[in-house]
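Student: Next up is a structure, given as structure tokens.
The values are calculated or read from the model by the stated rules, or taken from the named source; none is laboratory data. The shown structure was predicted, so the numbers you read here are calculated from the model rather than taken from an experiment. Positions of Cβ are generated from backbone atoms using ideal geometry, with glycine treated the same way; all protein chains shown enter the neighbour counts. Each accessible area value is taken on the protein alone, full model and side chains, heavy atoms only, with ligands, DNA and RNA left out. Shrake-Rupley method; radii C 1.70, N 1.55, O 1.52, S 1.80 Å.
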Amino acid sequence: MQKSVVIRFVPPAPVKIPITNTVTRTRAWNLERLMEHLRASLEGQIQAELGADVEVQVVTARQPDIRLNNVKPRGSLTDWKEALREAMGDIDPEDFLAP
């Protein structure tokens, strides 16, 4: 059986930046770059925890979720999922917002 972790990520809404009291500028996220960053950073963490044979998938979704397929993490599953959510929350928006 193939071991995998599927992380369903909800893309953030565009950021509105006030220019004046009546004018705002909207900056969209570079989703391709953001998803690639999440894949690269989370893959190493997950494989270090669960083994190098675990496939990691990060996909966009409407509801956030983490699915473990044929994998049992050490410790509490809730704690493990919370640690991954925190890792995904440590994103500097300026690195991934389109100009």
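Student: Per-residue HN-Hα couplings for segment 37-53, Karplus 6.51 cos²θ - 1.76 cosθ + 1.60 at θ = phi - 60°, whole Hz, x for Gly and Pro?
Tutor: Values per residue, Gly and Pro as x: 4, 4, 4, 5, 6, 6, 4, x, 5, 5, 5, 5, 7, 10, x, 6, 8 Hz.
Student: Could the peptides 19-31, 1-13 be put in order, highest first, of the mean number of other beta-carbon atoms found within 10 Å of their residues? Kindly include the intermediate steps, with their values, before the conclusion.
Tutor: Values: 19-31: 10.7, 1-13: 14.4.
The most tightly packed comes first, giving 1-13, 19-31.
Student: In terms of solvent-accessible area of protein heavy atoms at a 1.4 angstrom probe, what is the ranking of Glu43, Glu49, highest value first? Walk me through the numbers on the way to the answer.
Tutor: Values: Glu43 75, Glu49 55 Å².
Descending accessible area places them as Glu43, Glu49.
Student: Also: Of the heavy-atom accessible surface of segment 1-53 (probe 1.4 angstrom), what whole percent is carbon and sulfur? Walk me through the numbers on the way to the answer.
Tutor: Numbers: 1870 of 3580 Å².
Percent of accessible area from carbon and sulfur atoms in segment 1-53: 52.
Student: State the label only: which of [x] 14, 40, 27, 15, 4, 0; [y] 14, 43, 26, 12, 5, 1; [z] 15, 49, 32, 4 corresponds to P(r) over Cα pairs in 10 Å bins from 0, in percent computed from the shown model?
Tutor: Looking at P(r) over Cα pairs in 10 Å bins from 0, in percent for this model, the match is [y].
Student: Roughly what % antiparallel, to the nearest 5, for the DSSP beta bridges in segment 1-84? Numbers along the way, then the final one.
Tutor: On the way: 9 of 15 bridges.
Antiparallel: roughly 60 percent of the beta bridges in segment 1-84.
Student: Once the Cα atoms of helix 77-89 and of the chain are each reduced to a long axis, what angle between those two axes, in degrees from 0 to 90 to the nearest 10, is obtained?
Tutor: 30
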